[in-house]
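Written below as structure tokens is the structure these notes are about.
The values are calculated or read from the model by the stated rules, or taken from the named source; none is laboratory data. In this text, all values refer to a predicted model and were calculated from it rather than measured experimentally. Methodologically, a virtual Cβ is constructed for each residue, glycine included, from the backbone with ideal geometry; neighbour enumeration extends over all protein chains shown. Ligands, DNA and RNA are excluded from the accessible area calculation, which covers all protein heavy atoms including side chains. Shrake-Rupley method; radii C 1.70, N 1.55, O 1.52, S 1.80 Å.
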Amino acid sequence: MNTWIPSPMAAAARSAIKTLNYLLADSDRTRRRTSRRHCTVATTDNCENLISRLSSIAKRFPKPFSPPPPPPGAKPWRPRPYHYHALMKAFSRAGHPDEVLRLLREMKESGCKPNLLCYTTAIHSLVISNRPCDAQALFQEMLMNGVQPDAASFTILVKLFPFHLKHFDSACIFLGCMVKSGSNPDVVTYSTLIAGLCRAGLVDDAWRMFEKMLEWKCTPNAHTYTPIIQLYCSRGGIRLARRILDHMHDDGIPPDAVAYNVFVQALCQARKFEQVETLLRESDEKGWKPDGVTYNTYINGLCKAGRVEAAFDQLEAMLDKGLHPTSVTLSILLNSLCKESKVVQVMWLLERSSLLGWFIGTDGYNTMMSRLCESGQWVAALKLFADMVKKGVCPDTQSFNIVINSLCKGGKLGIAKCMLRSWGFIADSVTYNILYCAFQTAGRIDEFHDLFSNMDVSLDTVTYNIEIDYLCRKGRYSEAVYFLRSLEDRFSPVVVAHLTHGLVKGGKLGEVLSLFRDMLSRGLVIDYCIFDSLIRAFCQKGSCGSMRIYKLGVILDIMLQIS
DNA sequence: GTAGGGTTAG
């Protein structure tokens, strides 16, 4: 069997090996020091004897191999907290929070007390893996174990704001807790808080936090302003965003490429390409350097507006500036060409890719296969997959998912099952969701559960939405509500939005009201995406009768906390 | 031998 490792796994392995090398080198140094102290000089004769003895003893080693005991008097090597921390960081960066938690458990069991860094890294890995409840529990455990948090560990918790604490008041209470425990919030803490408030759409709260920051004599930087610019841009407030950029210059905090990239994205969405040109032309004067992301954003904007030729001009401009196109650039261009069915140009790009110094890799193939699959050309997508393997381009989990999706679309569930079991492929939540939908539609749920019974796949909000859709479609509304309440992150806005949409379609307004009242009584804010979803559901249902509109008004009043 | 923040495609 091939032991193919998908690229994210390979990155994780590389990262862990890098860290392991340090551990091995350290253990090597300890071994050399002890051997210098305890070993006598070996002659050729007794060397042969030793080798012969070792080989006979080795046969008796239990499997897996256990290291021999250290020479008498030598201190056994034990990993220190910073060794564990290095490994935990590697696993966290590779997106494996469970491995991080396993290491933390191992530390405690071996009597090595986790320090602040270890706890901080473990909490961070849970936060970035969207496990807010586990993160908060671990923070509590850290406090219980007498480990005092500092500004960095508090700041990590701030990322939970989009999940739980979407109030300015809560943010202030949080800052109060920090100060009380002896760690003053710094520019990173304030910037993260502002980003959280902006993500929740609370621009006024974000500005109030900004003022609070100034009151505390904390100087903002480009990180502080960027989420506010982003929020204005997402609401079409291009003028306001530009005023902030100008203000930053006046205030001696010149915007960097990231801040300008957010603005370029907004200009592209508004199709104000002349303004993007001016911005790029004046970049030297304004003291910023457009980077790969700037050009990718611009090229993407031009492609979406159907100006593929202009996009290729920008590709040349990018090369002129010494910026190397990345897999993202290629993905944008291929995506656009596939959408426009410009097969000749796709071939042109494929043929010249090596001349441009590009390698059409997994991302490029994935983009093309996705487009083909979306446009119903699933056989062509499968052919492309075969071509990819033939050319020695290593498929990743996404490639397999596209192929499995193509097979499902073509009704080939049996072959899709074989793909799942082949090539050492490791399924992820996307694979699970694709097959769950397909088997659900085919009425073969039991077969699906058998298929995944031995696989460890972490489910995501898409999976929950599929389950909720299924229950609502079958008219099992109470079960759908019960399912939501059984989830760890039970009031995730995206899932609540999905359920309320299903409930409105089914006329179950009482259930919607009860859910909102419960959320509000827990101090949660009803996210704008729930508003969007509800309004869409009422519109789709054609609820224009006066009684229904009245009920909608009641629901909106509760959501806005008017009544 | 050390943790924390803002951007682009699909």
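Applying the set (1) in a helix (DSSP H, G or I); (2) within 28 Å of A:Asp150 (Cα to Cα) to A:Asn184 leaves exactly one unmet item: (1).
Residues that are hydroxyl-bearing (Ser, Thr, Tyr), more than 22 Å from A:Leu459 (Cβ to Cβ) and buried (at least 17 other Cβ atoms within 10 Å of the Cβ) do not occur anywhere in the stretch A:378-400.
So, in the stretch A:484-494, exactly how many residues are farther than 15 Å from A:Gly506 by Cβ and either touching a residue at least 12 places away in the same chain (Cβ under 8 Å) or not assigned by TED's automatic domain parsing to the domain that holds A:Lys508 (or both)?
7
Helices (runs of 4 or more DSSP H) fully within the stretch A:422-483 that include at least 2 residues being over 28 Å from A:Gly507 (Cβ atoms): A:429-441, A:445-451. Entry remark, the stretch A:312-342: residues being within 15 Å of DNA strand B (Cβ to nearest atom) and in contact with a Leu (Cβ under 9 Å, 6 or more places away or on another chain) number 10 in total. Output the residue which, of all residues in the stretch A:243-266 that are of a type outside the set (Lys, Arg) and under 14 Å from A:Trp207 (Cβ atoms), is farthest from DNA strand B (Cβ to nearest atom). By that ranking, first place goes to A:His247.
Every listed requirement among (1) surrounded by 21 or more Cβ atoms within 10 Å (Cβ to Cβ); (2) within 9 Å of DNA strand B (Cβ to nearest atom) is met by A:Tyr298 save one, (2). Just checking, does the stretch A:301-310 include any residue being open to solvent by less than 30 Å² (accessible area, probe 1.4 Å) and either of a type in the set (S, T, N, Q) or in contact (Cβ under 8 Å) with a residue 40 or more places away in the chain (or both)? Looking through the stretch A:301-310, none of the residues is open to solvent by less than 30 Å² (accessible area, probe 1.4 Å) and either of a type in the set (S, T, N, Q) or in contact (Cβ under 8 Å) with a residue 40 or more places away in the chain (or both).
A:His223 - would you say it is outside any loop (DSSP other than H, G, I, E, B), over 26 Å from the mean Cα position of the chain (by Cα) and within 14 Å of DNA strand B (Cβ to nearest atom)? I'd like the intermediate steps shown before the answer.
Details: outside any loop (DSSP other than H, G, I, E, B): yes; over 26 Å from the mean Cα position of the chain (by Cα): no; within 14 Å of DNA strand B (Cβ to nearest atom): yes.
So A:His223 fails the test.
Scoring A:Lys304 on the criteria (1) within 12 Å of DNA strand B (Cβ to nearest atom); (2) basic (Lys, Arg); (3) under 17 Å from A:Gly236 (Cα atoms) leaves a single failure, condition (3).
Candidates are the residues of the stretch A:428-458 that are β-branched (Val, Ile, Thr) and surrounded by 15 or more Cβ atoms within 10 Å (Cβ to Cβ); the one that is farthest from the chain's Cα centre (by Cα) is A:Ile434. Taking the criterion of being small (Gly, Ala, Ser), closer than 22 Å to A:Lys339 by Cα and in contact with a Ser or Thr (Cβ under 6 Å, 6 or more places away or on another chain), no residue of the stretch A:267-322 qualifies. Within the stretch A:517-554, the set of residues being under 28 Å from the mean Cα position of the chain (by Cα), at pLDDT below 75 and aliphatic (A, V, I, L, M) comprises A:Leu524, A:Val525. Does the stretch A:229-242 include one or more residues that are open to solvent by 20 Å² or more (accessible area, probe 1.4 Å), within 23 Å of the chain's Cα centre (by Cα) and within 10 Å of DNA strand B (Cβ to nearest atom)? Yes: the stretch A:229-242 contains one or more residues that are open to solvent by 20 Å² or more (accessible area, probe 1.4 Å), within 23 Å of the chain's Cα centre (by Cα) and within 10 Å of DNA strand B (Cβ to nearest atom). Selection of the stretch A:267-279 for residues being in a helix (DSSP H, G or I) and touching a residue at least 24 places away in the same chain (Cβ under 8 Å) yields A:Leu267, A:Cys268, A:Gln269, A:Phe273, A:Val276.
All conditions but one from (1) surrounded by fewer than 21 Cβ atoms within 10 Å (Cβ to Cβ); (2) more than 14 Å from DNA strand B (Cβ to nearest atom) apply to A:Leu202; the one that does not is (1). Considering A:Leu197, A:Leu214, which residue is more than 10 Å from DNA strand B (Cβ to nearest atom), part of a helix (DSSP H, G or I), surrounded by 23 or more Cβ atoms within 10 Å (Cβ to Cβ) and not assigned by TED's automatic domain parsing to the domain that holds A:Leu524? After applying the criteria, what remains is A:Leu197.
Among the residues of the stretch A:130-163, the ones that are outside any helix (DSSP H, G or I) and in contact (Cβ under 8 Å) with a residue 40 or more places away in the chain come to 3 in all.
Every residue, every condition in (1) at pLDDT below 85; (2) within 13 Å of DNA strand B (Cβ to nearest atom), yes or no:
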site: A:Ala58; (1), (2): yes, no
site: A:Pro62; (1), (2): yes, no
site: A:Leu101; (1), (2): no, no
site: A:Val127; (1), (2): no, yes
